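Beneath this line is the structure, given in structure tokens, with notes to follow.
The values are calculated or read from the model by the stated rules, or taken from the named source; none is laboratory data. It should be emphasised that the depicted structure is a prediction, and the values quoted were computed from it without experimental measurement. Glycine also receives a Cβ, built like all others from the backbone with ideal geometry; neighbour counts cover every protein chain displayed.
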Amino acid sequence: MPDDGTVLPWLRQAGLFPELIELERERLQIKVERERLKLEREQARGHHRHQTPHAPPPHTRARDGYRPQDKAFREYASARRRFVEWEDAVRALGEAVTPAGLQVHAGAPHPRTQAHIMAFLGLRYPQDWPPSTWPAASVRDK
């Protein structure tokens, strides 16, 4: 490639050897060629490197559904017992027995969490409310 005075003028002005100028020019040509080849490969795949879809990690699995973190709520008998205790505490205060009332007056989990627990146990809100009306045996076992 002939030197027309525009390539690497800082090397020429510094008075460096022509061999260094030629080496730098070759290095830049190699770099440009690599970038050109990389761009061709990306275009052949049909997308740019910033648009590549990310694959999910191999260890992920589909969520099986809600499962209470508190192990006492995973078994029907212990969950029913705790809900009835909260209901009795709210009734003793003379308040309405609602999911929000259980949370505020008896320290129960959030009403949304209560709904998830009930669904996990095979119960429905508001049809199966209050907890004292729940059957003694699990609905799911039948």
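Here is how the numbers come out for the structure above:
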item: Subset tally (residues that are surrounded by 13 or more Cβ atoms within 10 Å (Cβ to Cβ) and either of a type outside the set (F, W, Y) or out of contact with any helix residue (DSSP H, G or I) (no Cβ under 7 Å at 6 or more places or on another chain) (or both)) for the stretch 86-99; result: 9
item: Single residue of R41, R61, R45, R36 found to be outside the structural domain of R112 (by TED's automatic domain parsing) and at pLDDT below 60; result: R61
item: Check on A115, in a helix (DSSP H, G or I) and either surrounded by 20 or more Cβ atoms within 10 Å (Cβ to Cβ) or of a type in the set (G, A, S) (or both); result: yes
